[in-house]
Amino acid sequence: MSEADKLQALGWREWLALPEIGIDRIKAKVDTGARTSTLHTFKVEPFERSDGSWVRFWVHPLQRRTDLEIRCEAPVLDRRVVRDSGGHEEERFVIETALVLGSAKWSIEITLTDRDSMGFRMLLGRTAIRGRYLVDPGRSYLAVRADDRKDSKDGKDGKDGKDGRDGRDGKDGKDGKDGKDGKDGRDVS
């Protein structure tokens, strides 16, 4: 059996959590073209503590929803110049935090930037998944936890019993509200 045969598959988009910074659920695009993972932050404030440099940042965890905000804090691991897909360079704060994907948990590096104009609030880059997963670009939500399936806003888990595709591409014009409490079944504020 080859190494690739031992790796679990991910879809091109996945639900994940960043529990150390208070994000219980966020949809990420799995982007093998991006070296480092990136989190959308609409406000960033560096500050100092007795144990070093920290950064405070605010996140809108759900797509097309700006009414929900999570304030996060983390130690600054680094500041790096990152080139985006359009060739633009930007200096970004880098943090290290735990990632929970399905039943797996490990530590990853994440850069912080304003992705407000982008479809996904997070990109899961190739260094975060290297040696752990293979990506199936034709499928979605392959690492979904059982509790995410029952809590999902539309009752779908991304696995339709055929090929795992659910027909949603993130551009369906839906506002992400489930019609009940406007919080997608979870209190993320």
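Of note:
- Taking all protein chains together, Glu73, Glu90, Glu20 sort by accessible area into Glu20, Glu90, Glu73, largest first [probe 1.4 Å].
- Phi angles of region 14-25 translate, via the Karplus equation with coefficients 6.51, -1.76, 1.60 and θ = phi - 60°, into HN-Hα couplings of 8, 8, 8, 9, 10, x, 5, 10, x, 9, 7, 7 Hz per residue; Gly and Pro are given as x.
- Rounded to whole numbers, the Karplus 3J(HN,Hα) couplings from phi for region 42-56 are 8, 8, 9, 10, x, 7, 10, 10, 4, 9, x, 7, 10, 9, 10 Hz, using 6.51 cos²θ - 1.76 cosθ + 1.60 with θ = phi - 60°, and x at Gly and Pro.
- Accessible-area composition of region 67-106, carbon plus sulfur, in percent [1.4 Å probe]: 41
- Cα-based shape type of region 27-121, given that a ≥ b ≥ c are square roots of the gyration tensor eigenvalues and the cut on a/c is 1.5: rounded
- Val82 versus Ser53: modelled label distance in nm, points set 7 Å from Cα along the beta carbon direction: 1.6
- For region 1-142, the number of Lys pairs separated by eight or more positions or lying on different chains, with C-alpha atoms closer than 22 Å, is 5.
- Accessible area in the full protein assembly, largest first, 1.4 Å probe, for Arg56, Arg71: Arg71, Arg56
The values are calculated or read from the model by the stated rules, or taken from the named source; none is laboratory data. This one's a predicted model, so the numbers in the text were calculated from it and none came from an experiment. We place every Cβ from the backbone using ideal geometry, glycine too, and count neighbours over all the protein chains shown. With ligands, DNA and RNA removed, areas are computed over all heavy atoms of the protein, side chains included. Shrake-Rupley method; radii C 1.70, N 1.55, O 1.52, S 1.80 Å.
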